[in-house]
Each structure stands twice: as C-alpha cells, then as structure tokens.
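The values are calculated or read from the model by the stated rules, or taken from the named source; none is laboratory data. Computed from a predicted structure; not experimentally measured. Heads up, the Cβs are rebuilt from the backbone with ideal geometry, glycines too, and the neighbour counts pull from every protein chain shown. Keep in mind that these areas ignore ligands, DNA and RNA; they rest on the heavy atoms of the full protein, side chains included. Shrake-Rupley method; radii C 1.70, N 1.55, O 1.52, S 1.80 Å.
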Amino acid sequence: MTAAQATSATSHTAVDLNQAAGLKNLQQLIQLRWIAVFGQVMTIEVVHYGLNITIPIQHMFAVLAGLVVFNVVSLLRWRTRVRVTDAELLLALLVDVGALTAQLYLSGGASNPFVFLYLLQVILGAVLLPAWATWAMVGVTTLCFAGLAVFAVPLPLSPDLHQGLASPYVLGMLVCFALNAALLVTFITRIVANLRERDLRLAALRQRAAEEEHVVRMGLLASGAAHELGTPLSTLAVILGDWQHLPHFSSEPELAHEVAEMQEQVARCKAIVSGILLSAGEARSESSGETTVCAFLDGAVEAWRQRRPSAGFRYTNRFGHDLPMVSDSALKQMIGNVLDNALEASPDAVHFEAAREADALVLTVSDQGPGFAAHLLPHIGKPYQSTKGRPGGGLGLFLVFNVARTLGGTVAVRNLQEGGAEVRITLPLAAITLPEEGPTDER
C-alpha cells in the first residue's frame, strides 16, 4: 500500500465514522421524541383531568399523532443505515420545535411554564449541528417564543404564584426544569460519548496512517538496498566459486572449509535479498507457490531453525485439517521476527504453537525470559519501542503488527504469570488460504 492509498483509506474510514456518529445521533433524537410523546400525553391528561384546566385536547392529540408519524418515518430512515447529514438533523429538530410550538399555542402560549423546553432544542442543536445551523435554531426558537407571546391565548389561571408548589404554574415550572435537566444529562452524555468515540477512532486511524506511511518508506528503502546489494553479492559468489578450484585452497582443508562457509553466508544474504524483493513485489528468481498451511508453517520453522539453531526450541502444530494457501514471504518473515525476539530474550526455552480456532489461524510464541517491561507493554507494536537499547530496536514487532493488521488479524502481547512473555497472533483463514476445490461432476 502506498502512502496515497493509506491516506485515501483513512479518509474513507473517517467518512464511515462520521456516518456512524450521525446514525447514532439520529437514534438518540428518535428515542428523545418517544419520551416527549409519552410525557406530553401524561401532561395533557394531568392538566385536563387532574387540575381541571380547560385545554383543546383533541387538537393537542392531533399534533401528537403527527409527531408520532414523523418519528416512525425517522425510524424507517434510520434503519436504511444511509449517512445522516447535518441538514437532516436540523430538519428533525425544527419539526420538534414546530410540534412544541403548536402544543404551547394550544395551551397558553408564552405563559405556559413548559415554554422553556425550547432551551432543550437549542442545546441539542449546539451539540449536534455546525455553528450556522445552531444559530438558525436560536433564531427559529426566538421567533416562535415571540409569536406565542403575541398570538396565543393565555390559559385562564389565577395569579397564585405566592402559593408555591400549590400553584399550577409553579408546579409546571418545576416539572419543566426537572425534565429539561434529566433529558439534558441523559442525552447530551450519550451524544458526547458518540462524538468522543468517533474522535478517538479518527485519532487511531491517523496514527495508523502515519505508521503505514512509515512502513512504506521502510519498504522502499529496503527494496532499494536489496537492488544495490544484488550485484556485489553475485560478484562475491562468483569469486568464491573460483577460489574453490584454486590449488592453494583445495590443498588446505581449513581454507576450503572457510570458503565453503563464506559461500553459504553469501547464499543466505542473497536469499534475504530475494525475500525482500519478493515482499516488495519484485521477485528475483522465484515466485509465490501454492502450498498448504501445515507445509508452510513447517517450512518456515525449518528455515528459521537452520538460521537460528537452538536446543531449547519446541514446535507444536495443532492446526488439524490442512488447507491450501499461497506461500507468503511477509508472513514467513513475521514468524521469523517473533521467534528471533523470543530467542534473544530466552535462549534456552522458546515454544512455538500453531492451532486453529474457529475460522482463524492462531500462532503463539512463548518464552521464559524476563518478559516485556511494564511501561513498554501498552506501546508494543509501535516503532522504536524496545528494551534492547540499540538504535532501530522495536521494528520487528512493529512489522509483525502491521502484517497481521493488513491481513485482518490481531496481535496480543502479555507477560506470563510464571515468567516470560507470550505473543499471540490471530489471522483469519479467509485472508491466507485458498478456497478448497469441491468435488467435480464428471459426465
């Protein structure tokens, strides 16, 4: 993946996160509207039948019916899972303001203590909407309040504010305040949590994009270095081949052994260079071939054993029913990096286990070393987070995390209670295996 592709993928994911946040916010408004409908029904019943205050309940229930229909339409819109725009949220809030205005007009206008529910709509707009839409909400609610003060007919209530809670108006103000406070605390907390979750995921995506760009730069550097090293390594191989046939070297077994050792190391260097170019999509003399999961793992372990022989290394393959796959040099390098780190931490005891859990390949590497430093454990997988104390340390596990993430997998790192550390890699089989060929119908 190039840096441009990584940036593009991040921008697309950012759009998806905004879409998810918009849907969650619309869901909160739908839930709030159901509560408003229930609360208005209860209030109308209490005022008309409990307090014996004459209000046009038929018209008010008609307004409620319209609000219920709108909420059902909003619920169907939410179930489409299509991105919710700011204009749609503004429209939903304006409908709520319109329904509230109609109810207040029918029940006393500006003298109704529930007129302060306008503040709830304004605050919701301030949290959910951009600045221009919020100011639009302020203007609309202000005009509605002024219109109620001019055109609505006040309720026939006696001026009994001095009676405290015995006054219907004071009691209504108390209920309005408690309702405003409770709804604000409940729904603003939820909405802010949605927005905070989106911001955190966006920050994680930006960090991931930066790490992937770092990987791309490292890949380009490694590919260029591999190209440059190819020619001198080939020259060394030719020279060492010529030396093998010189009488001076063939007559002395010690020198002949050293030349053979040098040839082996040059061949190993050429294999590393080929692996780097193969990972970069520029194979020198070999290409990926079809194999199976067990054969691939066994081959990767055998190649690592030849490179890093250790008497304390144990390998357990519990994968079970074998599946076809394509040999992946990046995956092989990932396994080698984890085993290298474990061997450096615990030269006498390293255990590598491969298993199948549901539809995933689980690779577990454990050792009996000192484990990961406690202050570094939360940051394992980020570049240059290492306890080895040398420049460039920590890139091995950084590449392991990126390869696993590219395949849709995860990497879990922990310290064992009995001592040592464990690295657990989980890879979905769908990302690394080939579809099994079913029986064919031969006629």
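Using the per-residue mean of other Cβ atoms lying within 10 Å as a proxy for protection, in what order, highest first, do the peptides 83-90, 46-53 fall?
Values: 83-90: 16.0, 46-53: 13.4.
Top to bottom by mean Cβ count within 10 Å: 83-90, 46-53.
Could you give the accessible area per residue of region 49-130, probe 1.4 Å, as a whole number in Å²?
I get 47 Å² per residue for this part.
Per-residue surface analysis assigns Met262 an accessible area of about 90 Å², computed on protein heavy atoms at 1.4 Å probe radius. Put Phe187, Phe401 in order of accessible area, highest first, and with a 1.4 Å probe you get Phe401, Phe187.
So if we plug the beta-carbon distance of Val73 and Ala412 into 1/(1 + (r/R0)^6) with R0 = 51 Å, what FRET efficiency do we get, rounded to 0.05? Step by step, r from the Cβ atoms, then E = 0.70.
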